[in-house]
1. Return the percentage of antiparallel bridges among DSSP beta bridges fully within the range 75-282, rounded to the nearest 5 %.
2. Is there a quick way to get the dipole size of the chain? I mean about its Cα centre, with the Cβ of Lys and Arg at +1 and of Asp and Glu at -1; what is the value in debye to the nearest 20?
3. Report the FRET efficiency, 1/(1 + (r/R0)^6), for Asp77 and Thr174, where r is their Cβ-Cβ distance and R0 is 25 Å, rounded to 0.05.
4. Starting from the Cα of Lys96, draw a straight line to each of the aspartates and glutamates and keep only those under 16 Å, dropping any in the same chain fewer than 8 residues away.
5. Here are some pairs, Lys86/Lys287; Lys147/Lys274; Lys120/Lys192; which of them have Cα atoms lying more than 32 Å apart in this structure?
6. Once you charge only the Cβ atoms, +1 for Lys and Arg and -1 for Asp and Glu, what is the size of the charge dipole of the range 1-152 about its Cα centre, to the nearest 20 debye?
7. Taking 45 Å as R0, compute the FRET efficiency from the Cβ-Cβ separation of Gln55 and Gln301 and round it to 0.05.
8. Highest mean first, how do 245-251, 75-81 rank when packing is the count of other Cβ atoms within 10 Å averaged over residues?
Amino acid sequence: MASTEYYSSPAVCAPTEKDLTKLSDELNLKCTSEEIKSIAAQFKNVSSSYQRLSQIPEPSLPVKYHRVPGHRPNVDDNPYNAWSWKCDIQGSNVGKLVGKKIGIKDNIAVAGIPMMNGSKILEGYTPQLDATVVTRILDAGGRIVGKTVCEDLCTGACSFTSSTGPVRNPADETRNVGGSSSGSAALIAGNKIDMALGGDQGGSIRVPASWSGIVGLKPTYGLIPYTGAMSLEITLDHLGPMAANVYDCALLLEVLAGYDEGRDPRQPRDLKVKPYTSLLEMGIQGKKIGLLQEGFSMCTQRDVADIVERAAMSLVKVGATVEYVSVPLHLDSCAIWTGVRLGAYNNMILGNG
C-alpha cells in the first residue's frame, strides 16, 4: 500500500516571489508586485497538482507484483548517496529469497520505477516491463527496496561520475567505493540491504565489491540473462549478484541464472544451473589458481599487492595450487580497454551498434 513517507520530497519546487521578481528584471518584463503575487499563487496551485500526479502510478503494461511509484530520496533518507530511487516491491511469499531486502542497479528495468542509468540523458524515463532478473528475484520471494546509483551510463570504475553525485564508501565516507555498481556495493557494505544486482563489463561488479569488502561475481558468459538491462556492449555485458557474504552471493546466483527462452541470444539452449550453495561445501582441493605477474607489476600501491598475494597464497593451506603466470599483453590492457570502452560508448550514443 502507498505510504505518505514516499512523498516527503516535493515533485517540483515552486519559485518564490523573490525568484519571480529577479526573473522579471532579467528579462525586462516589468511585472508589477500584484502580477508577481498572482503568478506565485498560480505556481502554488500547479505545484500541488504535480505533487499529486507524482503519487499516481503511470498507466503501464500489467505487472505480476503490486508496486507504487516510490520517490527520489532526500539527503537524510539516502545513506552514502547510494540510492537513485526508493520503492518497495514485495515478491512471492515463498522462495529462496524470502526475507531478503534487495537493491537493483539503475541500469536494469523495474516496471513503473524511473531508471536513469546514472545519466541526466535518461532522466524521466520509466520502463514498462521488469527485466528477467527482476522477475526471478520477485518470484523467489525477494523484496526490492530501491534502485541503486550507478556511474554515468556505466562507463566509470570510480564512484563520482553519476548525475546524482558521488557515492561514498561506508568504511570511510571520504573515500571512493568504486564503480560502476557503486550504489549496490555501498548499501550492502553499509548493512542497508542484504543483496543487490550489479552489472559488469570491465570490472563494474568486481571493483566496487573489492573496494567495499563485500562479495561480487561476474558470472560465466551467458549464465545470467541480460534481458531488460541497458547494454553497454553486447559481447561484454554481464549482470551478476552482489552480497555481504559468499553464501548469499551463491544463493542469489541460483535465482538469477538460467535460460531466458531465447530472449538473450548469447545463451545456449542447454544452459545448466547448478546448486551453487551446495557446491560451496566441496572446497578447492586440487584447483589450480594463477596469479598474473603483470597485474602485480602495474599496481602502484605495494601494500595492496602484498595483501592480495598473501590472501591468494593462503589458499594453498586448503589444497589449492597457486602459481604465478605471465600474459605480457596485459601491460597494454589499459590502452585496449580504453579503446573498447569508448567505442561501445560511441555506439550506444550514436546508435551504430
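Coordinate-derived values only; no laboratory data. Keep in mind that what you see is a predicted model, and the values were worked out from it rather than measured. Cβ: placed from backbone, ideal geometry, glycine included. Neighbour counts: every protein chain shown.
1. 65 percent
2. On the way: 34 positive and 36 negative charges, 128 e Å.
With Lys and Arg at +1 and Asp and Glu at -1, about 620 debye.
3. On the way: r = 21 Å, r/R0 = 0.86.
Approximately 0.70, to the nearest 0.05.
4. Within the straight-line limit of under 16 Å, Lys96 reaches these aspartates and glutamates: Asp139, Asp194, Asp248, Glu254.
5. Lys86/Lys287
6. 620 debye
7. Numbers: r = 49 Å, r/R0 = 1.08.
The formula returns an efficiency of 0.40 here.
8. Result, highest mean first: 245-251, 75-81.
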